[in-house]
Structures are given as structure tokens and as C-alpha cells.
Amino acid sequence: MKLRKKILAMLLVLCMVVPLFGLSALAVDKMTNDPGSTKQWGMKAVGMDEAWGMGPTGKGVKVGIIDSGLSTLTGDIAKSRVQAGKNYTGSVGDSATDIEGHGTFVAGIIGAAKDNRVGIAGVAPECDFFIVKALSDMAQAVYDCVEAGCQVINMSMGTPSDRKADLKDAVEAAAAAGVIVVASVGNEGDSSTPAQYNYPAAYDSVIGVGGVDQNLNVSVFSNKNDSVFVVAPAEKVASLSLLPGVVTTMDGTSFSTPYVAGLAALLKQMNPDMDIAEFKEILIATSRELAGEDYAGYGLLQIPDALRYAAEKWGCELNDTTAPDEPDQPDNPGTGWSIFDFSWIRDLFQSIIRNLFKGWNPSFSL
């Protein structure tokens, strides 16, 4: 009996330790020296293994994130890069506090630091963030981002109601100010209302983003309507959790959206005057058409092609990436090299948090 208890205790310790340190049995090609690189299939799908060497990093560009907040405890987004806006949710802490994890996960895809041997690498690893914690106050949050000088706004959220004229006015005002607004189209594609429109993604002044799986098929949950402008990875997407150094995976169009927002940040670094019309032009010209796939918009985001198209259009120079350097190997393989999927730990944690804090409006789709 004592031996059995010892074995159970050892298994319990392993379940706690492996998510933090990981194992390397199923490691794949690394794109950066960040331990979670091996989980970032989505970054390779949109071409970031090439684009990270092309020059633009998002440096000097401020990205607004309207979401559940952002935790800087991950160790992959320096506090110096984060400006806290207002918290409209009534939940604990300011906007730079995240108790749910959604906003932190989104921010990691956009701008986690690259080659710092921590976590993952984001699309625009040197961008800055302005964080507003909001759901039902989306319109005011958009105005806050514009007033704060954001050049890009990520909204991995939406509402099925088009009766909120203030939200439409807000995103149109942002577009008029040259701000690129990107939003998720929603996750009702496999529900009883698969063609449901969500706003602001369905507004003309916003880039609506749908999702694809690892086979580059449109995700079954990605909404099926013409608000999908482009698609990006939305299943088993790797990013930052609320635990320091721990990389996890999630599904949803919430997490395809930040790939597009990250590209917008790179392009804004190249040309701060880029407006929504030019951004649409670049996406239309360079996204990869997915044959036989309905509701993929203009296709799968291809970041290197977008950067090259923009560089030619604006007369900018990019780095030669014909022979990319191999990344340095990390001292510690970290959580990106795990033979197990510990997403259930995250799901249990978030379920507890959601039940403790009831400040979220369930009519909104994340």
C-alpha cells in the first residue's frame, strides 16, 4: 500500500513539473530559440519562419488590445512595452491584470519577444501595447485606443447585434484616423447559426478574420459568411498562459485574429501612413487562396509575401532571407517540448476563474 501511495505521489509531481519544464520526445524543427517554438505550427503556416528575418519587427508601433487584460508575469512581454488603459469590466485589477488568460494569449501571438529563450515569439516581437479591458464597452474602448495613439487595434471578440450604432461609429472613426482594426468573425460555424454575423468584424472598416486548422481547411467553428476577409491559424494555436514561462494551446477565431494584427503592426512600421484601404489591397494581393474552401475570404495570410508587396509598393528595403540563420538552441528546452498536452489544466483553471468572476457578458463571442 505504501509503495502504491509513493507511485501516485510521484505521478502527481510529474503532472505538476512536466508542464513547467517539458520533455523533448516530440520536438520538431525550431524557428527561434524560444522553447515554445516547436508548438508554433501557425507561425510557419503564415510564413513567419521567413518573415522574422526580413527586417520589420513592429518596433515603435503601438497595438491596442481590447480584451480580458494582459499579464506581464509571463516573462515574454516586458512591462516597459505595456501601457494600461481603463478597465470597463468591473473585474479585479486594472487593464494590465488578466485573470482569465484570453488577452494574454492574444498578446503573445501579436508580440511575444523573439529569441529570448522564454515562451514563444510573436509576429511583431518589438511592438508596444495599449491594453483596455472591455467587452460591453467596446465602442469606448476603441476611442480610448485611438486617443492613446494606437496604430492597430485587435478585437478578438464580437456581438451579434448590429444595433449598436456607437460601435460602428467608433471603428469608422478609427479607420478615418488611419488605425487598422482587426476582429474575429466568431465561433458559431458549427452551431445552429453558422452564418451569424458578429460585429465589429462584419463592418467594412474592419478586417474580419476566420480560422483554419493544421491541414489548412476552414475550421468547422469559423463562422460561414462574407465577413471573413482572410483566414489564419485557429486550432491548437500556441501562445502564453498566465503561468510564467508556460506555453499552452487554444482554439478559436480569437486566436487567428492576432496574426493579422501582427502583420498590420509590421506594415505600420514600414509605412505609418498605411490606411485600411491599403491594408486590404495588400491582403487581397498576397493571401493564399485555399482551393475548394468556402468562407476563407481572400485566403490564408502570407506574411512574407505581404511584406514584399508592401516594400515594392512603398519603395522600402527588406533583408535578404534566401539563407536564414539557424536559431540558437535554448539552454532549457522548456514547455514547448512536451510529449503531453496539458491544456486540461488550463481549462480547469479558467473554468474556476470564470465561476468566481461573473463580470463577463455571455452574449459576446470570444
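The values are calculated or read from the model by the stated rules, or taken from the named source; none is laboratory data. Remember, it's a predicted structure, so these values are computed and weren't measured experimentally. When we count neighbours, we look across all protein chains shown, and the Cβ atoms used for this are built from the backbone with ideal geometry, even at glycine.
Below are the figures for this structure:
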| item | result |
| --- | --- |
| Checking A310 against (1) buried (at least 21 other Cβ atoms within 10 Å of the Cβ); (2) under 21 Å from the mean Cα position of the chain (by Cα); (3) hydrophobic (A, V, I, L, M, F, W, C), the condition it does not meet | (2) |
| Qualifying residue in the range 135-148 (condition: buried (at least 22 other Cβ atoms within 10 Å of the Cβ), in a loop (DSSP other than H, G, I, E, B) and modelled with pLDDT of 95 or more) | no |
| Qualifying strands (runs of 3 or more DSSP E) (wholly inside the range 195-267; at least 3 residues being crowded, with 24+ Cβ neighbours inside 10 Å and within 11 Å of the chain's Cα centre (by Cα)) | 237-240 |
| Among (1) among the small types (G, A, S); (2) within 22 Å of L263 (Cα to Cα); (3) over 16 Å from the mean Cα position of the chain (by Cα), the one test that A113 misses | (3) |
| Selection count, the range 119-142, where residues are closer than 20 Å to A51 by Cα and not small (G, A, S) | 6 |
| Matching residues, the range 34-61, being assigned to a helix (DSSP H, G or I) and of a type in the set (V, I, T) | T38 |
| Close pairs (9 angstrom Cβ cut-off, 6 or more residues apart or separate chains): free of Cβ contacts under 8 Å to residues at least 24 places away in the same chain and within 14 Å of A176 (Cβ to Cβ) in the range 136-154, surrounded by fewer than 17 Cβ atoms within 10 Å (Cβ to Cβ) and of a type in the set (V, I, T) anywhere | none |
| In the range 92-107, the residues that are farther than 16 Å from V182 by Cβ and assigned to a helix (DSSP H, G or I) | T104 |
| Selection status of T104, closer than 26 Å to Q196 by Cβ and among the polar types (S, T, N, Q) | no |
| Residue match in the range 116-128 (condition: within 23 Å of S222 (Cα to Cα), in a loop (DSSP other than H, G, I, E, B) and at pLDDT 95 or above) | yes |
| Residue in the range 86-102 that is under 16 Å from L240 (Cα atoms), buried (at least 24 other Cβ atoms within 10 Å of the Cβ) and hydroxyl-bearing (S, T, Y) present | no |
| Within the range 271-287, considering residues that are among the aliphatic types (A, V, I, L, M) and surrounded by fewer than 19 Cβ atoms within 10 Å (Cβ to Cβ), the one nearest to A173 (Cα to Cα) | A277 |
| Residue that is nearest to E281 (Cα to Cα), among those in the range 180-205 that are without any contact (Cβ under 8 Å) to a residue 40 or more places away in the chain and not small (G, A, S) | D204 |
| Scope the range 271-295; condition under 16 Å from V228 (Cα atoms), at pLDDT 95 or above and outside any helix (DSSP H, G or I); matching residues | S287, R288, E289, L290, Y295 |
| Extreme residue, nearest to the chain's Cα centre (by Cα), among residues of the range 183-194 that are part of a loop (DSSP other than H, G, I, E, B) and of a type in the set (G, A, S) | G186 |
| Members of the range 155-175 that are part of a loop (DSSP other than H, G, I, E, B) and touching a residue at least 24 places away in the same chain (Cβ under 8 Å) | S156, M157, G158, P160, S161, D162, K164 |
| Residue in the range 181-191 that is touching a Phe, Trp or Tyr at 6+ places or on another chain (Cβ under 7 Å), of a type in the set (G, A, S) and within 19 Å of E235 (Cβ to Cβ) present | yes |
| When residues of the range 51-61 are limited to those that are of a type in the set (G, A, S) and buried (at least 20 other Cβ atoms within 10 Å of the Cβ), the one farthest from the chain's Cα centre (by Cα) | A51 |
| Residue list for the range 62-84, restricted to those being crowded, with 24+ Cβ neighbours inside 10 Å and outside any loop (DSSP other than H, G, I, E, B) | V63, G64, I65, I66, D67, T74 |
